[in-house]
Amino acid sequence: MAKRLSNESSISEVLQTFIEKNKLQNGMDKIDVEKAWKELMGVGVNNYTQEVILKGSTLHVTLTSAVLREELSYGKQKIIAMINEELRKDIVKELNLR
């Protein structure tokens, strides 16, 4: 009997190929950034967070507390670094707190 060639791929490889072929990576990045914000900032900040939107390489975060917005503005670069480190990609370049 002839030996079959293996055409088996892992699910993660198939999904990654599907994402690349259908140009869905930007949408996946948006979801990943929003999830990373929620995980890294914790419950205290998330209670005052209305929106987390990634447009291009700028992360726009709408907060309901002016005091919290001012406080977070001092650590913008650290927040950007934390998010990029969590995602293991250099996705976010700027942070816009509104």
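The values are calculated or read from the model by the stated rules, or taken from the named source; none is laboratory data. Nothing here was measured: the structure is a model prediction, and the numbers come from that model. Heads up, the Cβs are rebuilt from the backbone with ideal geometry, glycines too, and the neighbour counts pull from every protein chain shown. Keep in mind that these areas ignore ligands, DNA and RNA; they rest on the heavy atoms of the full protein, side chains included. Shrake-Rupley method; radii C 1.70, N 1.55, O 1.52, S 1.80 Å.
What the table below lists for this structure:
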read-out	value
Checklist (1) assigned to a strand (DSSP E or B); (2) touching a residue at least 24 places away in the same chain (Cβ under 8 Å); (3) over 23 Å from D90 (Cβ atoms) applied to Q50, failing item	(2)
Hey, L68 within 13 Å of L95 (Cβ to Cβ), surrounded by 12 or more Cβ atoms within 10 Å (Cβ to Cβ) and not acidic (D, E) or not	no
In the stretch 13-31, residue most open to solvent (accessible area, probe 1.4 Å) [restricted to those that are among the acidic types (D, E) and over 17 Å from E94 (Cα atoms)]	E20
Condition check for L59: surrounded by 14 or more Cβ atoms within 10 Å (Cβ to Cβ), more than 12 Å from the chain's Cα centre (by Cα) and aliphatic (A, V, I, L, M)	no
Any chance E34 is outside any loop (DSSP other than H, G, I, E, B), open to solvent by 40 Å² or more (accessible area, probe 1.4 Å) and modelled with pLDDT under 95	no
Top-ranked residue in the stretch 30-58 [being touching a helix residue (DSSP H, G or I) at 6+ places or on another chain (Cβ under 8 Å) and polar (S, T, N, Q); ranked as farthest from E86 (Cα to Cα)]	T49
K89 out of contact with any Cys (no Cβ under 7 Å at 6 or more places or on another chain), in a loop (DSSP other than H, G, I, E, B) and touching a residue at least 40 places away in the same chain (Cβ under 8 Å)	yes
Per-region count, the stretch 77-98, residues under 18 Å from the mean Cα position of the chain (by Cα) and exposed (fewer than 15 other Cβ atoms within 10 Å of the Cβ)	10
